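Asks: Just dropping this structure here.
The values are calculated or read from the model by the stated rules, or taken from the named source; none is laboratory data. Note that the structure is a prediction, hence the values are computed from the model and not measured. Cβ coordinates were reconstructed from backbone atoms using ideal geometry, including for glycine residues, and neighbour counts include every protein chain displayed. Remember, those area values only see protein heavy atoms, side chains included, never the ligands or the DNA or RNA. Shrake-Rupley method; radii C 1.70, N 1.55, O 1.52, S 1.80 Å.
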Protein chains: 2
Amino acid sequence: MPDYKAPVRDIQFVVNEVLESEKVYQSLPGYEEATEDLMNAIIDEGARFAENVLAPLNRVGDEEGCQWNPECVTTPEGYKEAYAQYVDNGWPALSAAPEYGGQGMPTLMGIIMSELAGTADWAWVMYPGLSHGAVDTVAEHGDAEQKAKYLTKLVSGEWTGTMCLTESQCGSDLGLLRTKAEPQADGSYAITGTKIFISAGEHDMADNIVHIVLARLPDAPAGTKGISLFIVPRCNVNDDGSVGERNAVNCASIEKKMGIHGNATCVLNFDGARGFLIGEPNRGLNAMFTFMNTARIGTAVQGLAHAELSFQGALTYAKDRLAMRSLTGPKNPDGPADPIIVHPDVRRMLLTQKAFAEGSRAFLYFLAQQGDIVAKGSEEDAKVADDLMALLTPIGKAFVTEVGFESANLGVQVYGGHGFIREWGMEQIVRDARIAMLYEGTTGIQALDLSLIHI
Amino acid sequence: MPDYKAPVRDIQFVVNEVLESEKVYQSLPGYEEATEDLMNAIIDEGARFAENVLAPLNRVGDEEGCQWNPECVTTPEGYKEAYAQYVDNGWPALSAAPEYGGQGMPTLMGIIMSELAGTADWAWVMYPGLSHGAVDTVAEHGDAEQKAKYLTKLVSGEWTGTMCLTESQCGSDLGLLRTKAEPQADGSYAITGTKIFISAGEHDMADNIVHIVLARLPDAPAGTKGISLFIVPRCNVNDDGSVGERNAVNCASIEKKMGIHGNATCVLNFDGARGFLIGEPNRGLNAMFTFMNTARIGTAVQGLAHAELSFQGALTYAKDRLAMRSLTGPKNPDGPADPIIVHPDVRRMLLTQKAFAEGSRAFLYFLAQQGDIVAKGSEEDAKVADDLMALLTPIGKAFVTEVGFESANLGVQVYGGHGFIREWGMEQIVRDARIAMLYEGTTGIQALDLSLIHI
């Protein structure tokens, strides 16, 4: 695997010089603490964690993958310990709301930490990353009891969350989903059905997992207007907040995948599992759309992460590998040949990667900042930012994940035949990057969303 | 893995209608037997072999890979048996010269068989495929004794061949190679050095392997003008043609790769191995350039093969998978949704794949036919064909392998998240296709060759 050196200066350049973040956040009530000094300090700390704790796990995660057993899924060696340290350091709470124990930093800071950690090891960062959807759902649409019961533990990272949408017959077309929710006498629901492709759906890193599950009530209309949202904890939660007995949700298997081997992609069987309705019946999809843009920016970060990592690996190799002479005369006259970085085609590839990484970073940070304006800005500013996000988010998700994959491929190309060999780590980046154009809405679905906002 | 159905009609359309091959070959002395009927019959037989014998091995080869041990490399289950059947059926001799036991068919027919077999299982077809370089080298530049000793066995497929060019410090820049050849009293040479990335460098499928090795004589000039070619058999060959003792060439290890797991990519140690000079001293690279264009067309076929295979898999899935309704009204009104082939973006992807596959096929068959004109045409025709090949071969190799990879990616995209899961076989095509843009000259090296012919 290429050594990951967090591009701290590049990140701070976008945050401070390009986006003038201190000025922006000083004007947003609730984000006054986000000064340049504090944001820089967070970036420095996040960089250290990513380089020292996570980067060494990236190759291990790919080689070892996850192991399924009937009780649990074992994550690759070192994943659990890294997660414990991440929780101890308070990272899961970085941009969460203070009322649930969050540090109240802007979403932008969460996106930056996701870039840092995800460039170091994307398969790992998906475990804490998936919790955001669960936190947002419960915070936005849950009742007081649900918030009290689940949010503090999710925000602290003691528990993680998942989003259980996909079934084998439906992915993009959620109207086809079949999982059922039967009302019970005590006000809970019995959830029955099978969900697939549940990232971080089962693992050994946290005490409990809070599944947010899309299912149909018995009287629900067909199609997307009949979908409701439920909280289904892996283990039931006692009234005092402690973790109780296992719920009737089990991981039937984990997928063998092209990449992100370190992340468990689970088939989850819900067999009359105890669940709790969130928000209005039959309004589940509407509830989810409220934070879909944020989730898509989070996924787009994967493209940025892999563009950056592949660029770093390719740059190091291009300075080191000797082949042929520069067209303008030897640049390494004492050596047997010049480093390949002197060749125009290699420079073209490296500069393309660099442009993709730096451009994607500026684009996604801008979107994250717009999201913060939507959340805390004046009504007028929020409206403008929201419209801008509706237009730009599908472009950002589609474009950044596509160029992230292209960059990963260019990185392999710079290595020549060595790029195809596993030990260099460059081909892993291609395999890991490939999923980003598929999940959280394929590139084609992003295109559809983009065209629909104009209708 | 998608089921492979050989596109016999598409192939015969290019051969007969587009390229009017019978007419062309009737005018080329030595190819008179290549009638439309015979060529069609060969294509039909090749299709059957590819579909029935090879296609079932493609997934096995990927999952199982090759196993190294100090004596040999074990190929995936079924590879050896398929190779024995391939030899029994006479396929290795298809387009080889009759004087060495070949069937004398045009190179075009060899390219077609390579497409059929390679679409069914590219990792497998590389074992017989690598022999062509060895055959061409010995036929073109070997002496009478060398031809007698090696060619019949290589042509029949009893033995296979390799091309040993790359060393760890040199790939594209062969001027840097270090392997040494010391003249011995008996006229042979002691070859010492380490070669890497030797495809099919060691395996259990044939009785002997004939390595063609690039090395330097003691008094050789530096750079590319000091490279000579040697035959180094894995096992020495007795005067009666039988296989004798092991030569001092050993497979030190095999690479773990992104794809083509079924093919053994070997590190070969030559430790004073007995070798025999082919052609003129220090003229090795010139000798190899005489058939470089043919070799590149052979590699370009991989792009065609993977474009076709991924298209077939994606087309089947797009007709089967139900999601959402057609924009022009339901096309499957009795079902819960329409098959995704009705959606414009899915059609775009499928038609792109189809265009890549069919266009690449016509392009490469045309080039192969031009190669046959170079070999057997009038001096004037041969000159024109040769110039055309010099111009078009680097374009063909670069373009077809790039679009083959793009097509493989589109195939994954049509499957959505399922494309990322190993059991569907679509991601394997991406991993297998990736190498084609790297070996036999990267895309950048093809570009360099293309621009240099104009200088």
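Listed here are the residues, each with its yes/no results for (1) modelled with pLDDT of 95 or more; (2) over 30 Å from A:Pro106 (Cα atoms).
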position	(1), (2)
A:Asn293	no, no
A:Thr299	yes, no
A:Leu309	yes, no
A:Tyr317	yes, yes
A:Arg321	yes, yes
A:Asn332	yes, yes
A:Pro339	yes, yes
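Asks: If the Cβ limit is 6 Å and pairs must be 6+ apart or interchain, which residue in segment A:242-262 that is at positive phi and modelled with pLDDT of 95 or more pairs with which residue that is among the basic types (Lys, Arg) and surrounded by fewer than 17 Cβ atoms within 10 Å (Cβ to Cβ)?
Replies: none
Asks: Can you confirm whether B:Lys180 is touching a residue at least 60 places away in the same chain (Cβ under 8 Å), more than 24 Å from B:Gly61 (Cβ to Cβ), more than 15 Å from the chain's Cα centre (by Cα) and open to solvent by 30 Å² or more (accessible area, probe 1.4 Å)?
Replies: No, not satisfied.
Asks: Kindly list the number of the only condition in (1) touching a residue at least 40 places away in the same chain (Cβ under 8 Å); (2) more than 12 Å from chain A (Cβ to nearest Cβ) that fails for B:Ala385.
Replies: The one condition B:Ala385 does not meet is (1).
Asks: Which of the residues spanning segment B:249-301 are surrounded by fewer than 22 Cβ atoms within 10 Å (Cβ to Cβ), part of a loop (DSSP other than H, G, I, E, B) and away from every other protein chain (no Cβ under 14 Å)?
Replies: B:Gly279, B:Glu280, B:Pro281, B:Asn282, B:Thr290, B:Phe291
Asks: Within the bounds of segment B:377-387, is there any residue that is open to solvent by 50 Å² or more (accessible area, probe 1.4 Å) and within 22 Å of the chain's Cα centre (by Cα)? I'd like the intermediate steps shown before the answer.
Replies: Step one: list which residues in segment B:377-387 are open to solvent by 50 Å² or more (accessible area, probe 1.4 Å), which gives B:378-381, B:383-384, B:386-387.
From the residues that got through so far, the ones that are within 22 Å of the chain's Cα centre (by Cα) too are B:386.
Yes; the residues of segment B:377-387 include at least one that is open to solvent by 50 Å² or more (accessible area, probe 1.4 Å) and within 22 Å of the chain's Cα centre (by Cα).
Asks: Which residue pairs have Cβ atoms under 6 Å apart, sit 6 or more places apart or on different chains, and have a first residue in segment A:1-22 that is under 30 Å from B:Met258 (Cα atoms) and a second that is of a type in the set (Ser, Thr, Tyr) and at pLDDT 95 or above?
Replies: A:Tyr4/A:Thr119
Asks: If I ask for residues that are closer than 23 Å to B:Val87 by Cα and open to solvent by less than 30 Å² (accessible area, probe 1.4 Å), which ones from segment B:16-39 would you list?
Replies: Listed by number, the residues that qualify are B:Tyr31, B:Ala34, B:Met39.
Asks: Select from segment A:390-441 the residues that are farther than 30 Å from B:Ser168 by Cβ and facing chain B (nearest Cβ under 7 Å) and write down the one among them that is surrounded by the fewest Cβ atoms within 10 Å (Cβ to Cβ).
Replies: Looking at the filtered set, the residue picked out is A:Tyr439.
Asks: Another question, then. Taking into account only those residues within segment B:344-376 that are open to solvent by less than 30 Å² (accessible area, probe 1.4 Å) and within 14 Å of another protein chain (Cβ to nearest Cβ), which is farthest from B:Met39 (Cα to Cα)?
Replies: Filtering first and then ranking leaves B:Val346.
Asks: Output the helices (runs of 4 or more DSSP H) that fall wholly within segment B:117-198 and possess 1 or more residues being within 14 Å of chain A (Cβ to nearest Cβ), or say none.
Replies: The qualifying helices (runs of 4 or more DSSP H) are B:122-129.
Asks: Quickly run through segment A:302-341 and pick out the residues that are free of Cβ contacts under 8 Å to residues at least 24 places away in the same chain, assigned to a helix (DSSP H, G or I) and either within 14 Å of A:Val403 (Cβ to Cβ) or within 12 Å of chain B (Cβ to nearest Cβ) (or both).
Replies: A:Asp320
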